[in-house]
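Colleague: Structure provided below as structure tokens; questions to follow.
The values are calculated or read from the model by the stated rules, or taken from the named source; none is laboratory data. Since the model is a prediction, treat every value here as computed from it, not as a measurement. As a convention, Cβ positions derive from the backbone with ideal geometry for all residues, glycine included, and neighbour counts pool all protein chains shown.
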Amino acid sequence: MERLPSTDCDEDGEEERFRVAYTQYEQMLRFIGRMYPEKETLLVGSLHSRIASYIPISSRSDDYSTWTTLVFSKDLLPPLDSLSQHIESTYTFKRVTVEDLDEVIQTSTVLRVKTALAAASNTGAYLASSEERRAQAWCFMSREGSISTVYVRPELRGMGLGKETVRKELEKEFVHRKL
């Protein structure tokens with residue numbers, strides 16, 4: 001079975017631990033495949049990014065992708081710069097309104113439930129001095145504390161609005177979760 005190239009591992013057995021973890025992961029996937037043969041997609045959360053190198057290439061399809069969750073702390077957020085300050089003066093950051101949740105669902109590639117979204121921690125970016133009442137960007141946090149959704153309207157992408165929306169959500173969560 002051909003595998004993706006392995007990344008460097010330390011000498012205290014890390015590679016062996018990942019091989020054992022992958023064996024357990026592979027058994028879990030086979031079990032899920034037997035239980036739900038009609039399913040075509042499986043999203044797996046909390047998978048260490050290093051285990052991806054042990055996933056057989058032969059099991060990949062054109063749709064295969066591995067996502068890595070980034071972990072932030074107050075000390076690791078990038079410093080505010082002049083662009084950040086400009087965005088903060090142009091937008092108001094607050095909870096996404098109930099009226100905007102339908103659009104959040106429409107723009108998502110993952111099945112979302114409105115009641116779950118309404119209960120999730122989130123931050124929306126709203127123009128401060130405009131009649132426009134729709135969120136221009138949003139960030140949702142999952143229950144376990146990872147960022148589950150970031151969206152910026154296509155015409156506003158590349159200007160730093162998504163980064164600042166994520167920053168505001170993380171800053172709020174650092175206070176809420178006392179991290």
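Colleague: Given the structure, is V98 among the hydrophobic types (A, V, I, L, M, F, W, C) and either modelled with pLDDT of 90 or more or on the phi > 0 side of the Ramachandran plot (or both)?
Modeller: Details: among the hydrophobic types (A, V, I, L, M, F, W, C): yes; either modelled with pLDDT of 90 or more or on the phi > 0 side of the Ramachandran plot (or both): yes.
Considered against the rule, which asks whether it is among the hydrophobic types (A, V, I, L, M, F, W, C) and either modelled with pLDDT of 90 or more or on the phi > 0 side of the Ramachandran plot (or both), V98 comes out as yes.
Colleague: In addition: Being within 19 Å of P154 (Cα to Cα), exposed (fewer than 11 other Cβ atoms within 10 Å of the Cβ) and acidic (D, E), is that true of even one residue in segment 129-140?
Modeller: Scanning segment 129-140, I find at least one residue that is within 19 Å of P154 (Cα to Cα), exposed (fewer than 11 other Cβ atoms within 10 Å of the Cβ) and acidic (D, E), so the answer is yes.
Colleague: Continuing with the same structure: From the residues in segment 88-113 that are assigned to a loop (DSSP other than H, G, I, E, B) and among the hydrophobic types (A, V, I, L, M, F, W, C), which one is nearest to the chain's Cα centre (by Cα)?
Modeller: In the first step, residues of segment 88-113 are kept if they are assigned to a loop (DSSP other than H, G, I, E, B); the result is 95-97, 108-113.
Those still in the list that are among the hydrophobic types (A, V, I, L, M, F, W, C) too: 96, 110-111, 113.
Details: V96: 17, V110: 11, L111: 14, V113: 17 Å.
The residue in question is V110.
Colleague: May I pose another question? Given the criterion closer than 18 Å to T92 by Cα, modelled with pLDDT under 80 and surrounded by 14 or more Cβ atoms within 10 Å (Cβ to Cβ), identify the matching residue among E164, E173. Break it down into steps so the answer makes sense when it comes.
Modeller: Values: E164 fails: modelled with pLDDT under 80.
From the options E164, E173, the qualifying one is E173.
Colleague: Of all residues in segment 3-52 being within 25 Å of the chain's Cα centre (by Cα) and among the polar types (S, T, N, Q), which is modelled with the highest pLDDT?
Modeller: Taking the candidates together, the pick is Q24.
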